[in-house]
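The values are calculated or read from the model by the stated rules, or taken from the named source; none is laboratory data. All values reported here derive from a predicted model rather than from experimental measurement. We place every Cβ from the backbone using ideal geometry, glycine too, and count neighbours over all the protein chains shown.
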Amino acid sequence: MTSDILLLEKNMHINVFGLNHNTAPIEIREKLYCSESDVPVILKKLKDWGLYESVVISTCNRTEIYFCSDDSNNSEESIKKIDAFLMEHFGVALDWLKNYTYRFCDEEAYRHLFLVASGLDSMVIGEPQILGQVKDAYRMATFHNTTGFFLDKAFHKTFNVAKRIRTETRIGYNPLSISSMAIELSKKIFGELNRKKILVIGAGEMCEIALKYFKKEGLTGIFITNRTFQHAQKLAEDITGIPCPLQDIPDLLTKVDMVLSSTGSEKPIIDKELVVSIMKKRKNRPLFFIDIAMPRDIDPEVNHIENVYLYDIDDLKGLSQQHLSDRLKESEKAHTIIEEEVVKFSHWLEQLEKNPLITHIIDVVEETRSNELKRMMQKMKYVDEETLRNMDLLTRSIVNKLIHRHISLIRQNGSPSLLEIMKQLFKFEEENEKEMDSGNEGK
Amino acid sequence: MNIYFFYISLFFYLLSTACYLLFLTMNRNIIEKFGHYSLFSGFCIHFLATLVRYFNAGYTPITNIYESLSFFSLCIAGFFLYLKRIYRIEIIGCIILPILSVLLIWASTFPTEIRPLPPVLKSYWLPIHTIFSFVGNAIFFISFFISLLYLVVERGIKKKKFPSIATRFPSLETLDLINYRCMSYGFPFLTVGIITGSIWASVAWGSYWSWDPKETWSLVTWIVYAILIHNRLAIGWRGRKTAYMMIIGFFFILITFLGVNFFAGGLHSYI
């Protein structure tokens, strides 16, 4: 307990060490990819070396290790240790690590974390999955007890920053992939898609990918046709659709709302006359064609018919380009937000380091919290990991919120009487204080 | 008394307008919520103002320009709140509320004091005829903006170009459905308005139909909407064609409702 307080007394540094798609080619990233079973091993190793807090983020585009170091255990040394470990664990050469990795400390480190979590450092800028991956990595670390006060704070801050960027900028607003754009456009026309039906012409890979996206929207009917009926049947089985023969197309067109087409046919399969006659039968209910085939399956003239909308692969690609440039514009706003938050966070850290009472309070409370949680866990017999994680997060956030008031009171109003009350309240003993003093003198 | 309520409600409408304009630039739900509650408060106080005026004056307060515009705005606010409950059309508040505020400010520039009712208007038909006509007109007023928005969104999808704001517009199907609802609610109100008007005319002027400008134009308006409904139900006109017809219909409403009174005169010139 006392050693922990002394530890917090020294200046703590948040570090990141890692590589991503910008610094390392895929061959190297593959080598250093940490699978889910690797991560606990690494976390444990780092802990054994005396890195009190660490989190490992590993995705297909990046592998990063976040850790805390103090002045005695300086980051250079830690990085050497990490180097050695990585060389051993993954069997890579030292100059590889030197050439392809980056190391950031303090301000740069948490700026980097903010950038990563909000998708600004991703290959596809603004993509949302990375935030989930960062959250998973953090949960994994808390599960193995390798996070402490600083990284907890840094990661919670990161999640806030990422959320702020999601709501205040439009960085993740417009989709980029062909499938999600097809969904987005369908929603522009039909609103919710949960009562809609789709006809798929062609059973190729493109169709399959897009269909998986559509399926998530809860369509009520998926009809699949293909020149080779067996392929249609197979895809239909995979995706619980209804296989239909090609000659049913005119009939199906009167039933469905969307048509997704991707065949290898040289000539258009659906021409204008067909659609005109079908629109009469449909009583002009809107019909949306998505033609992702090359050469095109659907006569482009179809787009001129009223209540018929046609997007071909070029339209979708053009739209994707436009969305990408929108995202780049929005990323400037996001960078400003990040700078703001970086300043706030480093200010917070600075203030924290100055006050031993605050660190004491944090420790006491954390100890109580983890003990209570452990007791609870022993009582409850059937707890799955998910609940465990959620309870851990919940208690953390309650505790943080509760002590936040005390801490800000101490910061704002340092009057002796208040400090005295706080000391009594949290049993901050003279002995501790003496040790603190000697620690300070020692510096 | 009622005029104070009126100004308080105007204040809330303006507040709501500000919120919706802010909502347009900053996509935050909390702003929209605030705007919604301001609008709702504005509507309630406005309703109260109308009620108080009814008791003070002793007649349905839809007899001069101030009263008409005020009541018309009340109907628009009410119907918009009703639509908002069913569909997710917050963004349309950014169009409706500024116009609502302008209408009310315009109304307040006309004389607002309560004057004795002209003898010809003293009738049980006054509330029935006016309320039906006003509600009908208000519904078509909203459908006019829905149609304009439909055309903008539809054009964007056809031309494959989207202004950045377009991501927040309702879907085409929703807009078309609202148009259909407006049509099926507005038309009966309009019809009853015309029928009660003609009954009242037979009592007041001695003849059911005297081809007065107001009567003529309201008949033309009725025919336009009747054609629209027939085409929708029988030939399946929907989407853009409905939207165009709704816009044309609204111009006839404008002529009947305001144009005739301001420019043509005739028997029906009370305001």
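Tell me which of these residue B:168 doesn't satisfy, since it passes every other one: (1) crowded, with 16+ Cβ neighbours inside 10 Å; (2) within 14 Å of another protein chain (Cβ to nearest Cβ); (3) farther than 26 Å from residue A:300 by Cα. Every condition holds for residue B:168 apart from (1). Here is the figure for region B:144-174: residues that are of a type outside the set (S, T, N, Q) and under 17 Å from the mean Cα position of the chain (by Cα) total 5.
Counting just the residues of region A:362-415 that are acidic (Asp, Glu) and surrounded by 12 or more Cβ atoms within 10 Å (Cβ to Cβ), which one comes out nearest to residue A:427 (Cα to Cα)?
If we take residues in region A:362-415 being acidic (Asp, Glu) and surrounded by 12 or more Cβ atoms within 10 Å (Cβ to Cβ), then A:363 is nearest to residue A:427 (Cα to Cα).
From the set of residues in region B:97-125 that are crowded, with 19+ Cβ neighbours inside 10 Å and of a type in the set (A, V, I, L, M), which is farthest from residue B:37 (Cα to Cα)?
Looking at the filtered set, the residue picked out is B:107.
One residue stands out among those in region B:53-68 that are part of a helix (DSSP H, G or I) and in contact with a Phe, Trp or Tyr (Cβ under 6 Å, 6 or more places away or on another chain): the one that is surrounded by the fewest Cβ atoms within 10 Å (Cβ to Cβ), which is B:65. The set of residues in region B:171-211 being closer than 26 Å to residue B:89 by Cβ and either outside any helix (DSSP H, G or I) or within 14 Å of chain A (Cβ to nearest Cβ) (or both) consists of B:171, B:172, B:173, B:174, B:175, B:176, B:177, B:178, B:179, B:180.
Considering region A:298-329, and only residues there that are among the β-branched types (Val, Ile, Thr) and either touching an Asp or Glu at 6+ places or on another chain (Cβ under 7 Å) or away from every other protein chain (no Cβ under 11 Å) (or both), the residue that is farthest from residue A:258 (Cα to Cα) turns out to be A:313. For region A:182-204, what are the residues that are closer than 25 Å to residue A:127 by Cβ, away from chain B (no Cβ under 11 Å) and touching a strand residue (DSSP E or B) at 6+ places or on another chain (Cβ under 8 Å)? Across region A:182-204, the qualifying residue is only A:182. For region A:269-283, filtered to residues that are out of contact with any strand residue (DSSP E or B) (no Cβ under 9 Å at 6 or more places or on another chain) and in a loop (DSSP other than H, G, I, E, B), the residue that is surrounded by the fewest Cβ atoms within 10 Å (Cβ to Cβ) is A:283.
Does residue A:119 meet the test of being within 13 Å of chain B (Cβ to nearest Cβ), at positive phi and either buried (at least 20 other Cβ atoms within 10 Å of the Cβ) or of a type outside the set (D, E, K, R) (or both)? Taking the combined requirement at face value, the residue does not satisfy it.
Within region B:80-135, being within 20 Å of residue B:262 (Cα to Cα), in a helix (DSSP H, G or I) and more than 18 Å from the chain's Cα centre (by Cα) holds for B:120, B:121.
Residues in region B:45-57: is at least one charged (D, E, K, R) and either modelled with pLDDT of 95 or more or more than 29 Å from residue B:169 (Cβ to Cβ) (or both)? Within region B:45-57, one or more residues are charged (D, E, K, R) and either modelled with pLDDT of 95 or more or more than 29 Å from residue B:169 (Cβ to Cβ) (or both). Any residue in region B:220-241 that is within 14 Å of chain A (Cβ to nearest Cβ), hydroxyl-bearing (Ser, Thr, Tyr) and buried (at least 21 other Cβ atoms within 10 Å of the Cβ)? Within region B:220-241 (the criterion being within 14 Å of chain A (Cβ to nearest Cβ), hydroxyl-bearing (Ser, Thr, Tyr) and buried (at least 21 other Cβ atoms within 10 Å of the Cβ)), the answer is no, since none of the residues qualifies.
Considering region B:133-148, the residues that are surrounded by 21 or more Cβ atoms within 10 Å (Cβ to Cβ) and aliphatic (A, V, I, L, M) include one that is farthest from the other protein chains (Cβ to nearest Cβ), namely B:135.
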